[in-house]
Structure formats: C-alpha cells, structure tokens
Ligand code: SAM
Ligand code: SF4
C-alpha cells in the first residue's frame, strides 16, 4: 500500500474532517458572536466525503475524526458516519461534539458506527458553562454521557479549554467528577486565533500550572506511544478517569505530529495554524478521479512544515478553530 509520509518521515494514519463550519454554540474563545449560515450549502456532500476518505484510506489513513463547527448539525450526520465506516481500511470513526442533544441522539450515532466520542465541557458549573458557551445545556450534555455509558460506551474523552478567569480554579471539581468514571478529561491550552487575540491575552494560562498541581497530588505521567496523539496523560490509582494536557505552546508539540485536516469545503490543511488550505474538491467529483486525487494529496503532504509558529503570535489563516475543527 502507498503510505503518506512527509519529508521529515512523519506518517499520517489519522485524519480530522470538518463537515460543517456552522455551530449553534457561541463559545467565548471560538465563536463569541455565533456564526453566519452562508457557508453551509457549500459543505462537502456525502459522495464527495466518500471519495475523499476512500483516497486517504488507500494512503494508509485508518482513523477519521468527524468534527466542525458542530458536526451533528448536518442532517446527514448519521449517513456520513456510516459511509465513512464502510470504506475499506477505515478502522475507527470518532467524533468531536459540543454535546447538543446528545442524550437523545447518541444511540443513533453509535448505531451509525461511531466508535469514540470527544465532548467539550469547559465548566461543570451550570452557570459557568452558560457564560462560556451561551447555552444553559450542561445537564443535557452530562445526561448524554450517562446515556452513552448505559449503551455500553467504554469511555469518553472530554475537552476543556483552560481559561484563567473561567475554569482554572475548577480542577478539584473536575477531578471529583472523574473519580469513579472512565473519562479522560483533557485540558487544552487556549490557542490564539485570528479572531480571539484580546481574549487570548486575558485568558491564556500555561498547562504547566495544572501539571504541577497534578504531580503534587500523586498523579503520574503515563508513557504513551509516540503516535497516540497530542495529549500528555496522567493517572492516579484512586481515580478511574485520567487527565490529559494538550499544550500547543510547548517546544516539542509538533515533533510527532500525525495530524492532517480537511475543511468542510474540501481544503487539505497541513497544520491547524497553516497559512492556507490546499484544494481537493475539484477531484472529488467522480470515482474515476481517484488516482489523480491520491497523487495530489501525496504532493501536497511534502509541503508540511516542521512546526507551527504560534509562539511568535503567527496564527496563519485560522480565524477560529470552528473553521477547521480544532
Ligand atoms: N463543536 C465541537 C466542539 O466544540 O467540541 C467540535 C469543534 S471545536 C472547534 C473542537 C475543539 O476545539 C473543542 O474542544 C474546542 O473547545 C476546541 N477549541 C476551539 N477553539 C479553541 C481555541 N482557541 N483554543 C483551544 N481550543 C479550542
Ligand atoms: Fe462551536 Fe465547538 Fe467552537 Fe464552541 S468550540 S463555538 S461548540 S465549534
């Protein structure tokens, strides 16, 4: 099989696909003013997605994460999941969601073929959650997780963006919550994007502050495989859950980068903070274009840079992470 490999020898078994840049939440670090609907019609169709993922699967991609915007807003969401799941070579279909109506819908997601769910919960305080997201829906999201466990999900990953003035003091609540539940709670360092510079300056907090608190209270770093993803994980013998830290500003963050992204408009993004996307959509129009598509992807991958330049304040073409899925 052809395998995708860049000039630095990095391989890419994992693709994140945004299926819409629309979102119904207004997270203060991402889309504080909500979003406009005009892009929605242009999102990749189910057939375009099938051709796209088929090409990547032939290049060694085994895992696809469906994200957005809020991916579950697409009315064809379940169809997209089952289409990707049936593509030869794809072993895992994961999704990232804000948990909107998850309690009612999770059963259909699992039936369609979702293997793993990341859900975003930035605060376990209902009012804090509402302040951050613009929605009084914390209980609904928590009920969705409960329902997932009832349906046999072995665990969840929960993402919380670390913010100085919103949740940095809530580590004890989060730890208490995962004491008896198989949840990996990942604190993500707030990233600067084109649209959130003032917010970033006020709220950014280095992940080291959480790391120190964990190490001081008996948490131990888990040694993970290089390709396991960007989170450093910590475990504690008294807890069923784990803690993850995602620290994009640490100097070695990009070393083992196995992440590739495709936007909802069919642009290949080689880095979350790259300058531009590389268009693939014109080659998603018929099954006969697969050889040309595969060649184009292999050529583009050679343009992947060794690292991002976030620490210099360079956010590339990324105005918000809702554009390309975080
Ligand atoms: N709407 C879904 C959700 O919120 O889970 C999926 C898309 S969202 C862009 C994916 C992840 O990116 C979420 O966990 C979100 O918290 C995170 N995110 C968005 N903007 C961010 C930023 N500026 N810094 C760090 N994480 C961010
Ligand atoms: Fe929407 Fe997710 Fe961005 Fe929040 S983080 S505004 S839920 S895309």
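Derivation of every value follows stated rules applied to the coordinates shown; laboratory data play no part. Predicted model, so just to flag it, every value in this text is computed and none were measured. Heads up, the Cβs are rebuilt from the backbone with ideal geometry, glycines too, and the neighbour counts pull from every protein chain shown.
Data for the structure
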quantity	calculated
Choice from 145, 178, 246 showing the highest fluctuation, given a GNM over the chain with Cα pairs closer than 10 Å	178
Extension gain from residue 107 to residue 168, taking 0.36 nm per residue of separation minus the Cα-Cα distance	18.7 nm
Peptides ranked, highest mean first, by Cβ atoms within 10 Å: ranges 154-166, 191-203, 48-60	48-60, 154-166, 191-203
Virtual spin-label span in nm between residue 181 and residue 224, 7 Å along Cα→Cβ	2.0 nm
Approximate spin-label separation residue 63-residue 249, in nm, with each point projected 7 Å along Cα-to-Cβ	2.7 nm
Sum of -39500 (n - 2.57) over DSSP H runs of 4+, divided by residues of the chain (222 nm, nearest 500)	-8000 deg cm²/dmol
Choice from 68, 218, 241 showing the highest fluctuation, given a GNM over the chain with Cα pairs closer than 10 Å	218
Contact order relative to length of segment 14-323, as percent, for alpha carbon pairs under 8 angstrom and 6 or more apart	19 percent
On Cα atoms only, tilt of 46-58 relative to the major axis of the chain in degrees	90 degrees
Förster-model FRET efficiency, 45 Å R0, residue 285 and residue 151, C-beta, rounded to 0.05	0.75
Acute angle (nearest 10 degrees) that the helix 138-150 long axis makes with the longest principal axis of the chain, alpha-carbon atoms	70 degrees
Net lengthening on full extension, residue 136/residue 238 (0.36 nm per residue, minus Cα-Cα)	33.5 nm
FRET efficiency, residue 213 to residue 92 (Cβ-Cβ, R0 30 Å, nearest 0.05)	0.40
